[in-house]
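S.K.: The structure's right below; bear with me while I get my questions together.
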Amino acid sequence: MPVDFRNDQFNDKFEQLYKAPAQGISSAPGRVNLIGEFTDYNNGFVLPCALEFDTRILFRKRDDNHVIVHSLHYPGERDKFSVDGEIRQGDSQWGNYIRAVVYVLKRQGHLLCGVDLLIDSNVPQGSGLSSSAALEIAVGGVFNHLCQLNLSGEMIALLGQEAENDFMNCQCGIMDQLVSANGQKGHALLIDCQSLITESVAIPEDLSIVIVNSNYPRKLVDSEYNQRRIDCEQAAEKMSVTSLRDATIEKLHATRSMMSINEYKRAHHVITENIRVIKATQALKRNDMPTLRDLMTASHQSLKDDFEVTVPETDGLVEICQTALGKSGAVRMTGGGFGGAIVCLCRHSDITKIKSAVEKHYFSRFNIQATIYVSKTGDGLQVTVL
Ligand code: GLA
């Protein structure tokens, strides 16, 4: 069970490991994406919200140039490396995220100091809720504070994305890192991934966000993810546009004969999804559930048929929740796909309908237990001196 940082035990553990108290804590949230999937790396629009689930890192500056990392989730394991010299992958998968951020900071020419770190997180892992972005942003927050780098939230987000792209080998876009850095409690964040201009959109008081994790084990996610990105870039090239952001359905149809079937389908998803994000943002502002429902249903269908990133388990969960909510809720898969979670928007009184439908139908159909989170939104990166 993760320990709450407000709870003395987290601080006590730090002191026990490093023989001195922590000087500060950096926390960054996971996210759920309401709509706008796989549009970020095509310079399009996305509408995620930061969650209350977050990753917290206690830190203390060292006198030498070593970074030492422990995690409450991997007791007995630690990662240790020097900020001097070349940063390479280590044996610890979670430790590599810290190395990745240090690698990018060094490449940008920042002077870094050694630090002792202790990590805790309650962001569900492997569920498409961005536990890795939360870790990258929290680590960025530590170095930004300790080494007085004066980086903005946006700059920390970009460095987190570079860490994924150039060190972790995942060609992700900017969505997860930017909402983890700059999200605002009670709001979704509309991001224009071309200009990086954002707008906080208030989530109506009577709207609940329910996340249902399929718990389907995600496999080959990075290679499939990277292939989708290549398909999109090739489709853009064939349409002679810099990115799919500048493509239109008319242009797509006119160029269809030059494209492979996959290039056509991936581009079709992205072009239509960008339009859905803008319409969904307006519908959210009006608290217009029927429109949100149509747009989220269409988004899921497009991710299933055109982008081909759903699995029977997430399709099944969407179907179960759509049937349970009828006209009074909006449902779709969320995040990087190939398993992971679905997101439902509904009125508070309808949450029980989701819970009982999932209990009744999911396990019996797929032989896996789902996990349901009635999730609250949270704030982006916060660094506090203790
Ligand atoms: C992952 C990536 C994001 C985004 C989503 C899909 O979460 O990290 O950049 O592409 O998948 O929308």
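The values are calculated or read from the model by the stated rules, or taken from the named source; none is laboratory data. A quick note: this is a predicted structure, and the numbers were derived from the prediction, not measured. Positions of Cβ are backbone-derived with ideal geometry, glycine not excepted, and every protein chain shown enters the neighbour counts. When the accessible area is computed, the model is the full protein with side chains, heavy atoms only, and any ligands, DNA or RNA have been set aside. Shrake-Rupley method; radii C 1.70, N 1.55, O 1.52, S 1.80 Å.
S.K.: Return the residues of segment 302-347 that are of a type in the set (S, T, N, Q) and either surrounded by fewer than 23 Cβ atoms within 10 Å (Cβ to Cβ) or farther than 17 Å from Leu129 by Cβ (or both); say none if nothing qualifies.
M.R.: Of everything in segment 302-347, those that are of a type in the set (S, T, N, Q) and either surrounded by fewer than 23 Cβ atoms within 10 Å (Cβ to Cβ) or farther than 17 Å from Leu129 by Cβ (or both) turn out to be Ser302, Gln322, Thr323, Ser328.
S.K.: Restricting attention to segment 96-127, report how many residues are open to solvent by 10 Å² or more (accessible area, probe 1.4 Å), assigned to a helix (DSSP H, G or I) and within 30 Å of Ser214 (Cα to Cα).
M.R.: Summing the residues that are open to solvent by 10 Å² or more (accessible area, probe 1.4 Å), assigned to a helix (DSSP H, G or I) and within 30 Å of Ser214 (Cα to Cα) in segment 96-127 gives 1.
S.K.: So, one more: If you go through segment 228-242 one residue at a time, do you hit one that is open to solvent by 60 Å² or more (accessible area, probe 1.4 Å), more than 14 Å from the ligand (Cβ to nearest atom) and within 21 Å of Lys376 (Cβ to Cβ)?
M.R.: Here is the first cut: in segment 228-242, the residues open to solvent by 60 Å² or more (accessible area, probe 1.4 Å) are 230, 233-234, 237-238, 240, 242.
Next, only the ones that are more than 14 Å from the ligand (Cβ to nearest atom) stay: 234, 237-238, 240, 242.
Going one step further and asking which of them are within 21 Å of Lys376 (Cβ to Cβ), we end up with none.
Within segment 228-242 (the criterion being open to solvent by 60 Å² or more (accessible area, probe 1.4 Å), more than 14 Å from the ligand (Cβ to nearest atom) and within 21 Å of Lys376 (Cβ to Cβ)), the answer is no, since none of the residues qualifies.
For every residue, the table says whether it meets (1) surrounded by fewer than 20 Cβ atoms within 10 Å (Cβ to Cβ); (2) under 15 Å from Asp40 (Cβ atoms); (3) within 14 Å of the ligand (Cβ to nearest atom).
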residue	(1), (2), (3)
Gly160	no, yes, yes
Asn165	yes, yes, yes
Cys170	yes, yes, yes
Met175	no, yes, yes
Ser180	no, yes, yes
Gln184	yes, no, no
Ile191	no, yes, yes
Leu196	yes, yes, yes
Glu199	yes, no, no
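S.K.: Limited to segment 345-386, what total is found for residues that are closer than 20 Å to Pro29 by Cα and acidic (Asp, Glu)?
M.R.: 1
S.K.: Does Ala133 fit the bill of being open to solvent by less than 10 Å² (accessible area, probe 1.4 Å), under 24 Å from Leu17 (Cβ atoms) and modelled with pLDDT of 95 or more?
M.R.: no
S.K.: Just wondering, is there one or more residues in segment 372-383 that are touching a residue at least 60 places away in the same chain (Cβ under 8 Å) and over 22 Å from Ser180 (Cα atoms)? Let's see the steps before the verdict.
M.R.: Taking segment 372-383 as the starting set, the residues that turn out to be touching a residue at least 60 places away in the same chain (Cβ under 8 Å) are 372-383.
Filter once more, keeping what is over 22 Å from Ser180 (Cα atoms): none.
No, the conditions are met nowhere in segment 372-383.
S.K.: Does segment 366-384 include one or more residues that are touching a helix residue (DSSP H, G or I) at 6+ places or on another chain (Cβ under 9 Å), at pLDDT below 95 and of a type in the set (A, V, I, L, M)? If you could, list the steps in order and put the result at the bottom.
M.R.: Narrowing segment 366-384 to residues touching a helix residue (DSSP H, G or I) at 6+ places or on another chain (Cβ under 9 Å): 366, 368-370, 372, 374, 380-383.
Narrowing further to those that are at pLDDT below 95: 374.
Still in the list and also of a type in the set (A, V, I, L, M): 374.
Scanning segment 366-384 turns up at least one residue that is touching a helix residue (DSSP H, G or I) at 6+ places or on another chain (Cβ under 9 Å), at pLDDT below 95 and of a type in the set (A, V, I, L, M).
S.K.: Give, as residue ranges, the helices (runs of 4 or more DSSP H) completely inside segment 128-195 that count at least 1 residues that are in contact with a Phe, Trp or Tyr (Cβ under 8 Å, 6 or more places away or on another chain). Reasoning before the result, please.
M.R.: Working: elements: 131-146, 153-166, 175-182.
Passing ranges, in order: 131-146, 153-166.
S.K.: Do you know which residues across segment 25-60 are away from the ligand (no atom under 14 Å from the Cβ) and more than 19 Å from Leu207 (Cβ to Cβ)?
M.R.: Ile25, Ser26, Ser27, Ala28, Asp54, Thr55, Arg56, Ile57, Leu58, Phe59, Arg60
S.K.: Within segment 19-29, can one find any residue that is closer than 30 Å to Arg229 by Cβ, in contact with an Asp or Glu (Cβ under 8 Å, 6 or more places away or on another chain) and not small (Gly, Ala, Ser)?
M.R.: Yes: one or more hits.
S.K.: Condition (residue is within 16 Å of the ligand (Cβ to nearest atom), open to solvent by less than 10 Å² (accessible area, probe 1.4 Å) and not in a strand (DSSP E or B)) applied to segment 348-369: is it met by at least one residue? Break it down into steps so the answer makes sense when it comes.
M.R.: First pass over segment 348-369, keeping only residues within 16 Å of the ligand (Cβ to nearest atom): none.
Checked segment 348-369: no residue is within 16 Å of the ligand (Cβ to nearest atom), open to solvent by less than 10 Å² (accessible area, probe 1.4 Å) and not in a strand (DSSP E or B).
S.K.: Can you find a residue that is away from the ligand (no atom under 13 Å from the Cβ), in a loop (DSSP other than H, G, I, E, B) and under 23 Å from Ile137 (Cα atoms) anywhere in segment 211-221?
M.R.: Here is the first cut: in segment 211-221, the ones away from the ligand (no atom under 13 Å from the Cβ) are 211-217, 219-220.
Add one more test, that the residue is in a loop (DSSP other than H, G, I, E, B), and what stays is 214-217, 219-220.
Narrowing the set further to residues that are under 23 Å from Ile137 (Cα atoms) leaves none.
No, the conditions are met nowhere in segment 211-221.
S.K.: For segment 250-297, which residues satisfy the criterion of being β-branched (Val, Ile, Thr), open to solvent by 40 Å² or more (accessible area, probe 1.4 Å) and in contact with a helix residue (DSSP H, G or I) (Cβ under 8 Å, 6 or more places away or on another chain)? Working first, answer last.
M.R.: Step one: of segment 250-297, the residues β-branched (Val, Ile, Thr) are 255, 261, 270-272, 275, 277-278, 281, 291, 297.
Next, from what is left, pick out any that are open to solvent by 40 Å² or more (accessible area, probe 1.4 Å): 261, 275, 278, 291, 297.
Within segment 250-297, Thr291, Thr297 qualify.
S.K.: Here are the criteria: (1) over 30 Å from Ile275 (Cβ atoms); (2) surrounded by 24 or more Cβ atoms within 10 Å (Cβ to Cβ). Tell me which single one His73 does not satisfy.
M.R.: Single failed check for His73: (2).
S.K.: Which one is nearest to Phe307 (Cα to Cα), of the residues in segment 325-339 that are among the small types (Gly, Ala, Ser) and more than 10 Å from the ligand (Cβ to nearest atom)? Steps first, please.
M.R.: Our first condition is that a residue be among the small types (Gly, Ala, Ser); within segment 325-339, this holds for 326, 328-330, 335-337, 339.
Checking which are more than 10 Å from the ligand (Cβ to nearest atom) leaves us with 326, 328-330, 339.
Details: Gly326: 25, Ser328: 27, Gly329: 24, Ala330: 20, Gly339: 14 Å.
Among residues in segment 325-339 that are among the small types (Gly, Ala, Ser) and more than 10 Å from the ligand (Cβ to nearest atom), the one nearest to Phe307 (Cα to Cα) is Gly339.
S.K.: Among the listed residues Ser71, Ser82, identify the single one that is hydroxyl-bearing (Ser, Thr, Tyr), touching a residue at least 12 places away in the same chain (Cβ under 8 Å) and under 23 Å from Arg31 (Cα atoms). Explain how you work it out, then say what you get.
M.R.: Working: Ser82 fails: under 23 Å from Arg31 (Cα atoms).
The unique qualifying residue is Ser71.
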